[in-house]
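Each remark here refers to the structure printed beneath this line.
The values are calculated or read from the model by the stated rules, or taken from the named source; none is laboratory data. Everything numeric in this text was worked out from a predicted model, so none of it was measured. These accessible areas exclude ligands, DNA and RNA; they are computed on the full protein's heavy atoms, side chains included. Shrake-Rupley method; radii C 1.70, N 1.55, O 1.52, S 1.80 Å.
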Amino acid sequence: MPQSGQLDELVDFAREASDTIAERMRAEHLTLAGRWFERLLDLLPVDARSIFPTESLLDHIPTLILEIGTYLREPEEGAISSNTAILDKARELGALRHEQKASLHQVLREYQVLGGVLVNFVVEESARLGVTPAPSECVLLVSRLHQAVNVLSQSTVEAFVTLYTRTIADQSERLEQFTSMAAHEWRQPLGALRFGVGLLGQANLDA
């Protein structure tokens, strides 16, 4: 059975392995973004341009992955929920997906796929490095990963829903304005028609 000193060494080794995996995630953020995109194409058997009309989306996802890797290494110092820059990037993504007319379900699905890609990467890197981190360290690493993805997803969805709600409100207002204008325009000819119909109904009219 390992002695106290040996256990400390194992814990340190597990933490170093987690840091290494996090750093590898940062180094491979472009590759992981590509995997994410390919995974989406596999799930949605339609032309890529109909899913993502522009390539702007691929400018956002690598940045988000890069920040997730930073958070995994420094969860306290680089708390992702208080990182204004990366949250703004997530909100930009929400605005972009709204502009591209994506659905809320699609946005949520994209983040679900991203989480799966990153977890698979952790498993692959653990096997590649030939390390077996302590179960508690594995759970903590994956928990941090999901937390980061959830925080970014929430910011993206909030921006998306805000713009979607604003669009619905704008459309409702324009519809009300059109209805009001149409009612005003129709009121005059309808009044004339009603007057004419009333005259035609009078029996004492001459030719």
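Keeping all protein chains in position, work out how much accessible area Ser136 exposes to a 1.4 Å probe, and write it in Å² to the nearest 10.
Number for this one is 90 Å².
I'd like the accessible area for Ile65: 1.4 Å probe, protein heavy atoms, all chains in place, Å² to the nearest 10.
Estimated to the nearest 10 Å², Ile65 gives 0 Å².
Mind listing the long-range amide H neighbours of Gln100? Cut-off is under 5 Å, sequence gap 5 or more, other chains count too, H placed in the peptide plane at 1.01 Å from N.
So Gln100 has HN proximity to no qualifying residue.
Which order do you get for Arg194, Arg144, Arg35 if you rank them by accessible area with a 1.4 Å probe, largest at the top?
Arg194, Arg35, Arg144
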